[in-house]
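Trainee: Take this structure first; my questions come after.
The values are calculated or read from the model by the stated rules, or taken from the named source; none is laboratory data. Computed from a prediction, not measured in an experiment: that's the story for all the values here. When we count neighbours, we look across all protein chains shown, and the Cβ atoms used for this are built from the backbone with ideal geometry, even at glycine. Surface areas here come from the heavy atoms of the whole protein model, side chains and all, with no ligands, DNA or RNA. Shrake-Rupley method; radii C 1.70, N 1.55, O 1.52, S 1.80 Å.
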Amino acid sequence: MSSSSSSSISGSSSSSDETVVPLLSGGAGARLYSCANCRSNVADHSDVISTAFQGRNGRAYLLGGVDNVVVGPREDRHLMTGLHAVADISCAHCHELLGWKYERAYEHSQKYKEGKFVLERSKIMKDCW
């Protein structure tokens, strides 16, 4: 399922198999993160919740919303903090795997992650800083 909306993907999005969001609308002076492969804007720094997350390839950021990504199918995955239902997220332009979306946390202490996104630092770059 595709979406032609120009808004960002946020924690309130549905759990469809695939969602595409095509446009980041950062204003003047916005500090953005871009895909390291194609430089497409994927997030605004104001959406960063935590910079102390661990990704598959090292450090990662937890964000409340992202843009210009494709959300893949949901699957259960054992992560460092337990079992979670997650969906990989990829750049909508070059299809580079950037991180994942937490669809569901099975442990009560991890519920705050539901609907949030993880972007791996090795897959993104700072833009407009």
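Trainee: What is the number of the single condition among (1) in contact (Cβ under 8 Å) with a residue 40 or more places away in the chain; (2) open to solvent by 70 Å² or more (accessible area, probe 1.4 Å) that Gln54 does not meet?
Mentor: Only one criterion is unmet by Gln54, namely (1).
Trainee: Give just the number: which of (1) among the hydroxyl-bearing types (Ser, Thr, Tyr); (2) open to solvent by less than 30 Å² (accessible area, probe 1.4 Å); (3) part of a helix (DSSP H, G or I) does Tyr112 not satisfy?
Mentor: (2)
Trainee: Scanning the range 41-55 for residues that are of a type outside the set (A, V, I, L, M, F, W, C) and touching a Phe, Trp or Tyr at 6+ places or on another chain (Cβ under 9 Å), which turns out modelled with the lowest pLDDT?
Mentor: Gly55
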